[in-house]
Structures are given as C-alpha cells and as structure tokens.
Amino acid sequence: MLELFLEMLVAERGAAKNTIEAYTRDLSSVSDFLSHKKLGSLEASKTEHLRAYFSDQKKEGVSERTVARRLSSLRQFYRFLLDEGAR
C-alpha cells in the first residue's frame, strides 16, 4: 500500500521528488520501528504502537519539527488507507 500511496501523491497531487523522498523516509522510519519491535505492519498498526514510536523518537532526541512532519506523513497515509477501504 505504501507504493500505491506514493504513486497517488505524484499522480493526483503532483508531489515533488523531495516530497516523495520525505514521505518515504518518514513512513519507512515508522515501519522499521514496528518491524524491529515485532508490532506488525504499518498498515495494521495500532494507536499504542504509534504512541510507542513517537515516544521513542522523543527519547532519541529527534527534533519536534521532524516528529511533526512524521506525524503528518502518517496522517496522510492512513487517510489514504481509509479512502481506499484498506483500513
């Protein structure tokens, strides 16, 4: 679903290359965390898993700006999943 989401950003919203790269990094970061902690896939993650991710980000000293951007990326991705009936 991640690839479809990224394709939609380009096709429907005309997203720039840098935007696609940022979304890819942000969503991959969350996906890697979930995988490493054995919490399942990005598409099927639960609220508590995402809270754990963002808590971990703060503990690691990730800037508030980066955390906000990652949260925005997740919101867009989950909105896409809802629109596609995948969540």
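The values are calculated or read from the model by the stated rules, or taken from the named source; none is laboratory data. Remember, it's a predicted structure, so these values are computed and weren't measured experimentally. Remember, those area values only see protein heavy atoms, side chains included, never the ligands or the DNA or RNA. Shrake-Rupley method; radii C 1.70, N 1.55, O 1.52, S 1.80 Å.
Some points to look at:
- Taking all protein chains into account, the per residue accessible area for the chain stands at 65 Å² (1.4 Å probe).
- Sorting T19, T47 on solvent-accessible area from highest to lowest, probe radius 1.4 Å, gives T47, T19.
- With N the number of residues in segment 1-48, Rg(Cα) / (2.2 N^0.38 Å) evaluates to 1.26.
- With all pairs of different C-alpha atoms in the average, the Kirkwood value for the hydrodynamic radius of the chain is 13.4 Å.
- Accessible area of the chain belonging to carbon and sulfur atoms, whole % at 1.4 Å probe: 49 percent
- Helix-only [θ]222 nm of the chain, DSSP H runs n ≥ 4, -39500 (n - 2.57) each, per residue, nearest 500: -25000 deg cm²/dmol
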